[in-house]
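I have placed the structure first, in the form of structure tokens, so that the comments after it can refer back to it.
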Amino acid sequence: MALVDLLEVDKQFESQIIFQGINFHIDEYERIVIVGRNGSGKSTLMKIVSGEIEPDAGKRIVRQGLKIEMLAQQPVFEAGLSVREAIENELTEIQEAKKRYEVISAKLAEDFDNKSLLEEHSKLSAFLDFHNAWNLDDKIERILKEFDLKIYEVRPVNLLSGGEQRRVALASLLLKKPDILLLDEPTNHLDVYMVEFLEELLLKEKFTLLLISHDRYFIDRIATRTVEIDDHKLRSFKGGYESYLQQKEALLHAMRKEHENLLKLLKAEEEWLNRGVKARLKRNEGRKKRVLEMREQAKKNPAMIRKIKLELEREKHHFNREDGVSRKKVLFEIEHLEKRLGDKLLIHNFSNRILQKDRIAIVGKNGSGKSTLLKLLLGREKPDGGVIKRGDFTIGYFDQHREMLDDNKNLIETFCPFGGDRVDVQGKNMHVFGYLKNFLFPKEYLDKKIGVLSGGEKNRVALALLFTKKVDCLILDEPTNDLDIPTINILEEYLLNFPGALIFVSHDRYFVDKIAKKLFIFKGEGIVEESYQPYSEFLAIEKEIKNIEQFEHEIEIEKEKPKVEPKKRKKKLSYNEKRELESLPEEIESLENRIAEINACLADPKCYQEKGIQNLTDELNKLEVEYNLKADRYLELLELQEELEGE
């Protein structure tokens, strides 16, 4: 049985139809991503699953006692709580279960055969296992560190920025681990290192997930199923993003009418994946295998670690060069650039050239200075040292505040401020509706005021407007935020065809890999590295180097440990242990026989109707718990006896 079932569900808001007769289910340990255009109903589907909104028709069936929780876009916290308190406040049920488990464990040491205690002990153990809560304090520390919240742990949570509060709420939900976790754009406000930590945690802890995301690498790594919303219906595809693309392309070939444009985009996307990502994955796998082999050798020969690190560093910087002398026009000449924010050093002694056809991604941790570099290039901030020489050229700028838009104008006025209904796009004259259709705007939107559009729609307008400007250089700050995947595909197509220079900040690894030819990597403490390597490959090697350094550190600690004389061990089993070892086989056999009897009765309708199916099931659960405990104890005593006899 599914955890949640939606049967023949309809939903509409006023005259807008969202769903018509949809069927949907979530099974345990599924990780389902919902894709579709903005406004297609992705968030509505989530809210119906969570019970926040009711369907107009159809049924929502939820397994009894199921806990479903959703990451809020704007979390609300109790007044006065610090960051740590806000997280711990969400974990009271787990903490209480842990305390109760310890109390019962102590009682069972004195009264091993108490059936009711055994049953409660088993239930609590299963609950703590599911939430992986045995080392909860360590997990809280780790998540505070990985989500960059440790420095704020005693600060009132309501004084943090919106993005930081979302990270606190996400941390709480990950530690709490509800039966179904609903995540709407969980990677927003996370840098790539936080996203990698999130991916590892979701996979390791076996979450059941329903999520919305535009991060295609994240989808590919996390999703077991992709559900697309299109034309008020749901369509399910096995696997993550790449698998979805392949299945969708096959489907579109079968329904070719009116899908030529989308088919072209999907084909281009698949070709890029096949050409770039798969080759890098193969290299990464080969490198990982080589590093693992060398690590094994390093256990016997610590000098091997140095060799591994040198090999990885060599591979990391293999791409850091351009062949030949460039004849391209220099747009920016950066010399010995210095920039601080208060006491924090953001950029130290950074020199570089940006040429007329460069495609540069500025990447790194949150707060490291990426957007500051954009503002320095634009002349909106002044350096504390060094110079930026700028040539004679025009810039188009896109920021997250969409400053180029006027909320009081409609789309026609925005794109045709001097009248008419045509626009020039990269040398091509187009009707404004024909152009905006490429950015997924229907004709009825042309008269809509900018002010009434959603955040995602405003982003689409701002990006579409950018490509109607005659500029030599585009500077973009987080251009994929609030965009759906179909719009990101369109944006990528325009950027790949843009003839000028492109400089952008992004945490979207897939987008960076696809668009950038060069990276400025903000490493912290003012260090900015240049690399010509694909970003995902740079991150993979960086992670391997970090693992090697950790491995090296562990070896050093092991060397420094004082040699401890082994404790004198007992030479034989105690009298009580001997008696226990002798009696356990008979007790285990008796339990096995009774379990077999109950299973036989449960397979016989006459028997289970007479004795009651619930009574039989309850007794079976208790017997299985007792059987497992006694079997484990018997094996433990046998191993101990063999060890002692072998000495």
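Numbers at a glance
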item	result
Positions within the range 467-490 being more than 22 Å from the chain's Cα centre (by Cα) and closer than 20 Å to Asp230 by Cβ, in sequence order	Ile490
Any pair with Cβ under 7 angstrom, 6 or more apart, that starts in the range 89-118 at a residue that is farther than 30 Å from Val157 by Cα and ends at one that is among the acidic types (Asp, Glu) and assigned to a helix (DSSP H, G or I)	Ile104/Glu120; Leu118/Glu626
Members of the range 310-357 found to be assigned to a loop (DSSP other than H, G, I, E, B) and either modelled with pLDDT of 95 or more or of a type in the set (S, T, N, Q) (or both), listed by number	Asn320, Ser326, Gln356
Helices (runs of 4 or more DSSP H) fully within the range 107-203 counting 3 or more residues that are buried (at least 20 other Cβ atoms within 10 Å of the Cβ)	162-176
Residue satisfying condition, being crowded, with 17+ Cβ neighbours inside 10 Å and out of contact with any His (no Cβ under 8 Å at 6 or more places or on another chain), within set Phe393, Phe350, Phe415	Phe415
Verdict on Leu539 being farther than 26 Å from Lys115 by Cα, modelled with pLDDT of 85 or more and in contact with a Lys or Arg (Cβ under 9 Å, 6 or more places away or on another chain)	yes
Residue, surrounded by the fewest Cβ atoms within 10 Å (Cβ to Cβ), within the range 48-89, restricted to residues that are assigned to a strand (DSSP E or B) and of a type in the set (Lys, Arg)	Lys59
Qualifying residue in the range 555-565 (condition: under 21 Å from the mean Cα position of the chain (by Cα) and touching a residue at least 60 places away in the same chain (Cβ under 8 Å))	no
Residue, farthest from Gln64 (Cα to Cα), within the range 3-20, restricted to residues that are in contact (Cβ under 8 Å) with a residue 60 or more places away in the chain and surrounded by fewer than 17 Cβ atoms within 10 Å (Cβ to Cβ)	Ile17
Of all residues making up the range 11-33, the number that are touching a strand residue (DSSP E or B) at 6+ places or on another chain (Cβ under 7 Å), under 20 Å from Gly239 (Cβ atoms) and of a type in the set (D, E, K, R)	2
Test: residue in the range 47-55 that is among the basic types (Lys, Arg), free of Cβ contacts under 8 Å to residues at least 40 places away in the same chain, under 28 Å from Asp215 (Cα atoms) and out of contact with any His (no Cβ under 7 Å at 6 or more places or on another chain)	yes
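The values are calculated or read from the model by the stated rules, or taken from the named source; none is laboratory data. It should be emphasised that the depicted structure is a prediction, and the values quoted were computed from it without experimental measurement. Heads up, the Cβs are rebuilt from the backbone with ideal geometry, glycines too, and the neighbour counts pull from every protein chain shown.
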